[in-house]
Structures are given as C-alpha cells and as structure tokens.
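Asks: Submitted below is the structure of interest, expressed as structure tokens.
What follows draws every value from the coordinates through simple rules; no lab data is involved. Predicted, not measured: the structure shown is a model, and the values here were computed from it. Note: ideal-geometry Cβ built from the backbone for every residue, glycine included; neighbour counts use all protein chains shown.
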C-alpha cells in the first residue's frame, strides 16, 4: 500500500475514471446540473467503487492528512467527479472519527465554493446531520446563525441538516430555519423548506399539517405542495 499523497490519489483516481469516462454522458451530466465545471462522464456507482479502491490503496493515518487531502482534492479539481470524491473521502466510515467540529471550516468551504445542490445536500444531511447529533452544543448555535445567513447554501444546510432525524427532530431549530427563509423567492430555499417538512411529516403528520395551515399565507405553493406530498398520498390530508 502507498501512503496517501494528494498527487498520488488524484493520479490514481483520474486513471480509474479514464477507464469508464464517457464524453457523451459527461455533456449530459453537465447540462443536468448546469455545472460550469466539466464532467468526465463517470457514473456514481463507478465513482464510488473507484474511490473506495483508491483510498484503500492509499491509507490515511492522521486526521490532519485526511483533512488536507480532502481539501486539496476539492481545490485542485478539474472535473466535477473529483469534488464528489472529496466528499466520498470525508464520508468513509473508517475516517468518521475525524469528522468533528474541527472539520467545520472544510465543510463550509465545500458549501460556499460548491454552491450547488449536488454538493450541499449530501454535506447538509450527511455531515452536518452527524455533527449535530454528536456535537449539539456547537452545531445548534451555528445552524441557528446560518438560518439567517446571506448565503443561500448555508441557509439550505440549516434547513436540511435534520432531514433524517424523524421523531428526534429539534422542532425549534427546524422551524427557525424554515421561517427565516419562508418569505424568500429563491427556488432552492423554497424546495428545501418543502422537503424538510415532507420528511418530518412521515413521523409527525399532525405537526406538519398544523404548521402548513398556520403559515399558509407565507409558505410558497412549491413548499406547501412538497410538504404535503406524502400525506396526500396516504390520504391523511387534501
């Protein structure tokens, strides 16, 4: 096994991706995500398999190396798949012990410079969800502040951080995040509001119905439609 170096990892990844790159798919992927950064045209299953293999062959033995490697891959990326790999590196279970509040500046850089749903949603629901559960004394004040941030992607992170929390959701934090963006016309905020409420409706349908009724004049049609989608399918509400 080779020890981890950013250059070695990037070379190994590009080599692996080159075997499966599809220029036609790359153009389709770029058009779908409206990305200014080009794609190689590698599917996510192939990307994850390649990343898993490369990181197994280039083990990381310290939190600082893990952090610096993820940041370097992100910053040096020429193709969007490389940034997906940086996120995959952070997500690897064997390095999960290093995902602590010390990681927040790195994650914030991913969010602010990535500035698009395909990056932010994974970071919000996966990494911030994990950090909030394990370090609430740090994450709650941060997300409370981000809920009113000028940057829409920090706001979206605050809205979606508890997406997988079900009955463990901190309603005060969630509703603060929702209401801070409820009057905004930005599509990605309206969609996130509806998505967060829709997921919470699976655990607390009564709460979500009451919430939507209470804020019916402020919630956008998109947010309301998304919020009640599951309940309507179940025939709980109309």
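Asks: Pulled fully out, how much extra length does the chain show between residue 75 and residue 229, if you take 0.36 nm times their separation in residues and subtract their Cα-Cα distance?
Replies: Taking 0.36 nm per residue and subtracting the Cα distance, the gain is 51.6 nm.
Asks: Also, quick follow-up: Need one word for segment 164-238: rounded, prolate or oblate. Basis is the Cα gyration tensor (sqrt eigenvalues a ≥ b ≥ c); a/c below 1.5 gives rounded, then a/b vs b/c decides.
Replies: oblate
Asks: If you don't mind, another one. Say R0 is 25 Å: what FRET efficiency, to the nearest 0.05, do residue 236 and residue 118 get from their beta-carbon distance?
Replies: 0.20
Asks: Still on this structure, I have one more. Please report the equivalent ellipsoid semi-axes of segment 100-238, computed as sqrt(5 x eigenvalue) of the Cα gyration tensor, largest first, in whole Å.
Replies: After diagonalising the Cα gyration tensor, the semi-axes are 25, 16, 13 Å.
Asks: Distance in nm between label sites at residue 144 and residue 11, each 7 Å beyond Cα in the beta-carbon direction?
Replies: About 5.0 nm, to one decimal.
Asks: Would you mind checking the tilt of helix 23-33 against the longest principal axis of the Cα atoms of the chain, expressed as 0 to 90 degrees and rounded to 10?
Replies: Its long axis makes an angle of about 30 degrees.
Asks: To the nearest 10 degrees, how steep is helix 44-57 against the longest Cα principal axis of the chain, on a 0 to 90 scale?
Replies: Long axis of 44-57 versus the principal axis of the chain: about 50 degrees.
Asks: Follow-up. For the chain, taking Cα atoms only, what is the radius of gyration to one decimal and the Dmax to the nearest whole Å?
Replies: When restricted to the Cα atoms of the chain, Rg and Dmax are 19.3, 60 Å.
Asks: Once fully extended, how much extra length lies between residue 222 and residue 171, figured as 0.36 nm per residue of separation less the alpha-carbon to alpha-carbon distance?
Replies: Result for the pair: 16.2 nm of gain on full extension.
Asks: Right, something else. Between residue 134 and residue 53, what is the spin-label point distance in nm, taking each point 7 Å from the Cα along the Cα→C-beta axis?
Replies: Going by the 7 Å Cα→Cβ label model, 2.9 nm.
Asks: Given axes a ≥ b ≥ c from the Cα gyration tensor, I'd like to know whether segment 1-98 is rounded (a/c under 1.5), prolate (a/b larger than b/c) or oblate.
Replies: It is prolate, given that a/c is not under 1.5 and a/b is the larger ratio.
Asks: Find how much the distance from residue 34 to residue 207 grows on full extension, using 0.36 nm per residue of separation minus their present alpha carbon separation; answer in nm with one decimal.
Replies: So the extension gain works out to 58.7 nm.
Asks: Based on alpha-carbon positions alone, could you give the equivalent ellipsoid semi-axes of segment 113-174 from the gyration tensor, as √(5λ), descending, whole Å?
Replies: After diagonalising the Cα gyration tensor, the semi-axes are 17, 13, 10 Å.
Asks: Still on this model: Pull out a ≥ b ≥ c, the square roots of the eigenvalues of the alpha-carbon gyration tensor of segment 41-117, then state rounded if a/c is under 1.5, prolate if not and a/b is larger than b/c, and oblate in the remaining case.
Replies: Oblate, since a/c reaches 1.5 and b/c is not below a/b.
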